[in-house]
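The values are calculated or read from the model by the stated rules, or taken from the named source; none is laboratory data. Keep in mind it's a predicted model, so treat the numbers as computed, not measured. For neighbour counting, all protein chains shown are included, and Cβ atoms are generated from backbone atoms with ideal geometry for every residue, glycine included. Quick note on the areas: whole protein, heavy atoms, side chains included, nothing else; ligands and nucleic acids left out. Shrake-Rupley method; radii C 1.70, N 1.55, O 1.52, S 1.80 Å.
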Amino acid sequence: MVRLIDTLRARAREALRGNSGRDSQATREAAGAGPRDATRGGVNGPASPGQRGRESPLWIDALRAEAHRTIDRMPGKAGDLARKANAALGRPLADAAELADRRAFEAGTTAPSSAAAPAPAAGAPREAAPVVVYHMDKTRRDAARLTEVLDGAGIPYKVMNIQEDPAAQSAVRRDSKGFRLPVVFIAGEVIGGRAELTNLAASGALKKRVFG
C-alpha cells in the first residue's frame, strides 16, 4: 500500500510539472502575440484559470481510478489489505463511474451555463429533474415503498444503495436535514421519506417539482 501511494504521488508530481510546463509555454506565446490574440483569446492565448480549474479534478480522478484498478488486481494478502485500507479510508480510490457519481451528488445540480439556454419549443416535454432514492441494506424494504409511490406518479428515478460507500453516506447524512434512510432527493434537494413523498404526490406538487 505504501508503494502504491508513493507511485500515485510521483504521477501527480509529473502531471503537475506537465501542466506547469504547458502554462509557461502558453504564457510565452501569449507575450509574443498581437493585441488581437491577447484580448480575444486566440489560438496562441493561454488557457483561462477556469479551464485549468476544470482540468485539475479530472487528473486527480484519473489517478484515483487507475490506482483502484491496481489494487483490484493485486493478489493475495497484499491485495486484501490494500482493499480493506481503501474501504476504511472512505474509498478515496474508486472506479471512474463511482467518482463521477460522487461529483454529481456533491454538485447537487449542474452549474449554470455562461450562455443563455434556448427556450424550449412550445409543447415540447421538459426534461425531468433527477430523482434519487438512497438506502442501505437494512432499509431496502422501506426503499421499495418509496419507489411504489414514484411509480404510481409516473416519476423516473434512480435507486442507490450506499451500504459500501462511506463517502456517500456522509454526504447524505449532511444534506438530508435529519431525515432517516431511505430518503428521496430531487435535483440534489432532500424531499424526505415515505410520508413526505406521499403528501407531495397526492397534492400534485411532486410532478411540478420533477417536471416543472
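Quick notes
- Once the Cβ-Cβ distance of Ala87 and Lys158 is raised to the sixth power relative to R0 = 22 Å, the FRET efficiency obtained is 0.40.
- Accessible area of the range 136-212 belonging to carbon and sulfur atoms, whole % at 1.4 Å probe: 49 percent
- For the range 134-184, the solvent-accessible area with a 1.4 angstrom probe is 61 square angstrom per residue.
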